[in-house]
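In what follows, a structure is listed as structure tokens, so that the remarks can point back to it.
The values are calculated or read from the model by the stated rules, or taken from the named source; none is laboratory data. Because the structure is a prediction, the values reported are computed rather than measured. Cβ placement follows ideal geometry from the backbone for every residue including glycine, while neighbour counts extend to all protein chains displayed.
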Amino acid sequence: MNWGLENRLSRIIKPETGHALMLAVDHGYFLGPTSKLEVPRETIKPLLPYADALMLTRGVLRTSVDPDASTPVVLRVSGGTSIIGAALSNEGITTGFEEAIRLNASAVAMSIFVGTEHERQTLLNLADLVSEGERYGIPVLAVTAVGKELEKRDSRFLSLCCRIAAELGAHFVKTYYCEDFEKVVDSCPVPVVIAGGPKLDTFKDTLELVHEAIERGAVGVDMGRNIWQSDHPVAAIRAVRSVVHEGASADEAAKLFESAVSGE
């Protein structure tokens, strides 16, 4: 057993519950100044006490998170493309492991683009990253990205992506929730966290998504826009946390959200 790797992973996926609430604020690496994430420090600071881990780039970590913060970091290390470029899938590795160590990262994360013209390079990048991660004792999160093609989010495709990521050695995988999600989890031998994805119509929809994903085998969520684009982001993350770690139903979490909003 790689003790350091297991220890770092336990900072993110909490042994007490076996679940994780990651806060994703890495959107700017390809989207630029996303709505309500224009000034990252202002968005991140009030949410930090409620997140098990923070997923972000080295630039935002250095400029927008105080060094005395105790929240574990999942460092985004892939990029090189933008939303207005020719292909989001044409990513490379942007940050090395020595930098991740200097930044005290608990894990590193990169996207894979299965079924695209850049499938091979992103999968080989993942394999190389895993080998380096094993060397340094740092777990690797594989993100099963679909780029602009959201229609790909079905259980057959996501099962393929997650299984390949696990076969290449990823220590945990981030993917989308979908119909028959349990098939994705059952066929993936490493922990699965779900992405929040685009902002949903109502916050109740978000809570139902999280509850169903946990019920069907996800170890947690890596959520961004459905928390910090809320008009009440602290109340939102507290409600999501109640589902992830306390087993609250969507209705119970919605009542917690409403109570927190009324108390603001």
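Quick look at the numbers
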quantity	calculated
Residues being loosely packed, with under 14 Cβ neighbours inside 10 Å and either assigned to a loop (DSSP other than H, G, I, E, B) or in contact with a strand residue (DSSP E or B) (Cβ under 7 Å, 6 or more places away or on another chain) (or both) - total across the stretch 74-114	9
Residue in the stretch 100-117 that is more than 24 Å from Cys188 (Cβ to Cβ), modelled with pLDDT of 95 or more, of a type in the set (S, T, N, Q) and more than 16 Å from the chain's Cα centre (by Cα) present	yes
Those helices (runs of 4 or more DSSP H) lying entirely in the stretch 187-254 with at least 1 residues more than 17 Å from the chain's Cα centre (by Cα) and of a type in the set (A, V, I, L, M)	233-246
First in the stretch 232-249 and in contact (Cβ under 8 Å) with a residue 24 or more places away in the chain, second anywhere and crowded, with 24+ Cβ neighbours inside 10 Å and of a type in the set (S, T, N, Q), Cβ under 9 Å, 6 or more apart	Ala236/Thr206; Ala236/Asn226; Ala239/Thr206; Val240/Thr206; Val240/Asn226
Test: residue in the stretch 196-214 that is surrounded by fewer than 23 Cβ atoms within 10 Å (Cβ to Cβ) and in contact with a strand residue (DSSP E or B) (Cβ under 6 Å, 6 or more places away or on another chain)	no
Flag if Val73 is touching a Ser or Thr at 6+ places or on another chain (Cβ under 8 Å) and not charged (D, E, K, R)	yes
So Arg225, is it surrounded by fewer than 20 Cβ atoms within 10 Å (Cβ to Cβ) and basic (Lys, Arg)	no
From Gly18, Gly59, residue being without any contact (Cβ under 8 Å) to a residue 60 or more places away in the chain and surrounded by fewer than 22 Cβ atoms within 10 Å (Cβ to Cβ)	Gly59
Failed item in (1) within 22 Å of Ala235 (Cα to Cα); (2) outside any loop (DSSP other than H, G, I, E, B), with Gly59 passing the rest	(1)
Hey, Glu117 in a loop (DSSP other than H, G, I, E, B), touching a residue at least 24 places away in the same chain (Cβ under 8 Å), of a type in the set (D, E, K, R) and surrounded by fewer than 20 Cβ atoms within 10 Å (Cβ to Cβ) or not	yes
